[in-house]
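Right, one structure below, let's go through it.
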Amino acid sequence: MHSQKVEPFLKVYGERNTGTNYLSQLINLNLKADELPGSVPSEIDVWQRKLQRKFNIKERLKDIYFDISFHKNLGWKHSLVDPKKIYRKSSLPLDNISFITITKNPYSWLLSLYKRPYHQYFRQGEKIDFETFIVSPWKTVGRDNLNKKISTPVELWNIK
């Protein structure tokens, strides 16, 4: 009996603004491995934007996508990694997956996050200064895989 060779899987995790997209491009160009997706498919992203504009539904569709698909993609690339959840819910051959985590100098990361604060939804036209930003509460989303409120972006970096 011939065993079928299975390409290895890679899963990249890293907080926002750490270079996960760049690392994924390098992996795809240079390695023979299937990277497990860490972002929503483009059609989910389009629907999320439509729902946001029409019904002010913030991020929920993306959260639902990662809840439903966790068994085959191991969650959002920016989530807090939970090894117990991975072992409990994965339908993939875990002995064939390599995990890569990426991090960035905390000061540089905070500056990047300040420039692009993702889903923080500041009031229209509001721009807070950097000093205020780093001591302001951070609004998490479901796919962050955190069960608590985050007091500041600095705490977010420390946890993840």
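Entry comment: accessible area of the chain is 66 Å² per residue, from protein heavy atoms only and a probe of 1.4 Å. Pairs from the table (32/85; 32/58; 11/139) lying more than 32 angstrom apart at Cα are 32/58. Expressed as a whole percent, the accessible area of the chain that falls on carbon and sulfur atoms is 55 (1.4 Å probe). Accessible surface for residue 129 stands near 80 Å², nearest 10, in the context of the full protein assembly shown (1.4 Å probe). Residue 57 contributes an accessible area of around 60 Å² to the protein surface, as traced by a 1.4 Å probe with all chains present. For the range 37-138, the equivalent ellipsoid built from the Cα gyration tensor has semi-axes of 29, 21, 10 Å, listed from largest to smallest. What does the extension gain come out to for residue 51 and residue 115, with contour length at 0.36 nm per residue minus their alpha carbon separation? Contour length minus Cα-Cα distance gives 20.6 nm.
Computed from Cα positions, the angle between helix 106-115 and the longest principal axis of the chain comes to roughly 70 degrees. Taking only alpha carbon atoms, the range 105-160 gives an Rg to Rh ratio of 0.94, where Rh is the Kirkwood radius. Only helices enter this figure: runs of n ≥ 4 DSSP H residues, each worth -39500 (n - 2.57), summed and divided by the residues of the chain, yield -12000 deg cm²/dmol at 222 nm to the nearest 500. Taking the Cα centre of the range 1-148 as origin and assigning +1 to Lys and Arg Cβ atoms and -1 to Asp and Glu Cβ atoms, the resulting dipole is close to 400 debye.
Under Stokes-Einstein, with the Kirkwood radius over Cα pairs as Rh, the value for the range 1-90 at 25 °C and 0.890 mPa s is 165 µm²/s. In this label model, residue 82 and residue 128 are separated by 2.7 nm, measuring between points 7 Å along each Cα→Cβ vector.
When the chain is described by a simple charge dipole with +1 on each Lys and Arg Cβ and -1 on each Asp and Glu Cβ, the residue from 94, 146, 57 located farthest towards its positive end is 57.
Only one residue of 81, 21, 119 has its Cα farthest out toward the positive end of the dipole of the chain, where Lys and Arg carry +1 and Asp and Glu -1 on Cβ, and that residue is 119. Given their separation in residues at 0.36 nm each and the Cα-Cα distance between them, residue 136 and residue 105 gain 9.2 nm when the chain is fully extended.
With Cα atoms defining each centre, the range 21-35 and the range 69-146 are spaced 20 Å apart in the structure. This model, with +1 at the C-beta of Lys and Arg and -1 at the C-beta of Asp and Glu, gives the range 101-160 a dipole about its Cα centre of some 220 debye. I'd like the orientation of helix 20-30 relative to the chain: the angle between its Cα long axis and the longest Cα principal axis, in ° from 0 to 90, rounded to 10. The two axes meet at around 30 degrees.
The values are calculated or read from the model by the stated rules, or taken from the named source; none is laboratory data. Since the model is a prediction, treat every value here as computed from it, not as a measurement. Cβ sites come from the backbone with ideal geometry, for glycine too, and all protein chains shown count toward neighbours. For accessibility, only protein heavy atoms count, side chains too; no ligands or nucleic acids. Shrake-Rupley method; radii C 1.70, N 1.55, O 1.52, S 1.80 Å.
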